[in-house]
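Before any comments, here is the structure.
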Amino acid sequence: MTTYEKLLLDNKAWAKAQEEKDPEFFKRLISIQRPEFLWIGCSDSRVPADKITGTQPGEIFVHRNIANMVVHTDVNLLSVLDYAVNHLKVQHVIVCGHYGCGGVKAAMDNNDYKPVLNMWLRNIKDVYHQHRDELNTIKNEEAKTDRLIELNVEEQVMHLAQTSIIQRAWKNESRPHLHGWVYGLKDGLIKPVLEMAPGTHIDPLYEYNNL
Ligand code: CO
């Protein structure tokens, strides 16, 4: 059996077990999707949003990319955010990074990863640049990477707060709460690093006043 055939076989077993455990499971989910959370995480296969939070299908709306970035020109991310905030009416948006993130590590070296990856990693290099004074005081490489991973998550939460999508929902519906978390591959624990309540003021340069 090939590896992908095993996936299909395991899927059959999962569906059967799910049906046996909870006969209404699929019927319930087919009619409605009302998750309370939007998760913006890293594509890393070791950080599955539902597994590490013990949630079930239907509970978290998920977007993942390399190094859990919120890039203001990324139509994919913005359409997920728009849909989650304005249609699903999520109460919380979580940016979850993880220690040992390969994307962040790659952004810290000087390799040419060729055009498309260079372009993506450039966003992380810019976060390093912004916090260069603090980061350059850290001599241990692993500790420096870990700190950049935390700072990167904080910056991506700020990027969310800078969108009109979030600011409009804050003004009109006092939601969603924004969260920055970092997951530890070594112990499986999530460390919250930043929380922004609806209506939090940010740099006025990025605040819209005619929402
Ligand atoms: Co990663």
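Values in this text are rule-based calculations from the coordinates and carry no lab data. Small disclaimer: the values here were computed from a predicted structure and weren't measured. Reconstructed Cβ throughout: ideal geometry from the backbone, glycine too, with neighbour counts over all protein chains shown.
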Original post:
Which whole-number percent gives the relative contact order of the chain, counting Cα pairs below 8 Å spaced six or more residues apart?
Top reply: 20 percent
Original post:
Are any of the pairs K6/K114; K12/K89; K51/K186; K105/K191; K16/K51 more than 23 Å apart by Cα-Cα distance, and if so, which?
Top reply: K6/K114; K12/K89
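Give me the number: length gained by fully extending Q130 to A197, i.e. 0.36 nm times residue separation minus the C-alpha to C-alpha distance, one decimal in nm.
Difference between extended and current length: 21.7 nm.
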**OP:** Calculate for the chain the 222 nm mean residue ellipticity that helices alone would give, adding -39,500 (n - 2.57) per DSSP H run of length 4 or more and normalising by residue count, nearest 500 deg cm²/dmol.
**Re:** -14000 deg cm²/dmol
**OP:** Please name which of N140, P48, V80 has its Cα lying farthest along the dipole of the range 17-144 towards the positive end, using unit charges on Cβ (Lys, Arg +1; Asp, Glu -1) and the Cα centre as origin.
**Re:** N140
Subject >> Taking K191, K144, K186, K51 and counting other C-beta atoms within 10 Å, the order from fewest to most >> reply: K186, K51, K191, K144
**OP:** For the range 65-146, calculate the relative contact order in percent as a whole number, restricting contacts to Cα pairs under 8 Å that are 6 or more residues apart.
**Re:** 30 percent
Original post:
Which cross-chain or sequence-distant (5 or more) residues have an amide H under 5 Å from the amide H of H177, H modelled 1.01 Å from N in plane?
Top reply: H92, V93
Subject >> Fully extended contour minus Cα-Cα distance, from S174 to M108, at 0.36 nm per residue >> reply: 20.0 nm
Original post:
Is the shape of the range 132-211 rounded, prolate or oblate, going by the alpha carbon gyration tensor and its root eigenvalues a ≥ b ≥ c, with a/c under 1.5 for rounded and a/b larger than b/c for prolate?
Top reply: oblate
Subject >> Cβ-based exposure ranking for Y4, Y128, Y183, in which fewest neighbours within 10 Å come first >> reply: Y4, Y128, Y183
**OP:** Give me Rg over Rh for the chain, both radii from the alpha carbons and Rh done the Kirkwood way, two decimal places.
**Re:** 1.01
Original post:
Taking R0 as 41 Å, what's the FRET efficiency between S79 and T137 from their Cβ-Cβ distance, rounded to 0.05?
Top reply: 0.55
Original post:
Between the range 84-99 and the range 136-159, what's the alpha-carbon centroid distance in Å?
Top reply: 21 Å
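Under a point-charge model restricted to the Cβ atoms of Lys and Arg (+1) and Asp and Glu (-1), what is the dipole moment magnitude of the range 1-156 relative to its Cα centre, in debye to the nearest 20? Walk me through the numbers before you get to the answer.
Details: 19 positive and 23 negative charges, 62 e Å.
Taking the Cα centre of the range 1-156 as origin, the dipole is about 300 debye.
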Original post:
Ranked by Cβ crowding within 10 angstrom, fewest neighbours first, how are V153, V80, V93, V47 ordered?
Top reply: V80, V47, V93, V153
**OP:** Could you give the size of the charge dipole of the range 75-190 about its Cα centre, using +1 on the Cβ of each K and R and -1 on the Cβ of each D and E, expressed in debye and rounded to the nearest 20?
**Re:** 280 debye
Subject >> Residue of Q156, Q130, Q91 that the Gaussian network model of the chain assigns the largest fluctuation, springs spanning Cα pairs under 10 Å >> reply: Q130
Subject >> Dipole of the range 100-211, positive end: most advanced residue of V182, P198, L117 [Cβ charges, Cα centre] >> reply: L117
Subject >> Length released on extending from N210 to T2, taking residue separation times 0.36 nm less the Cα-Cα span >> reply: 69.2 nm
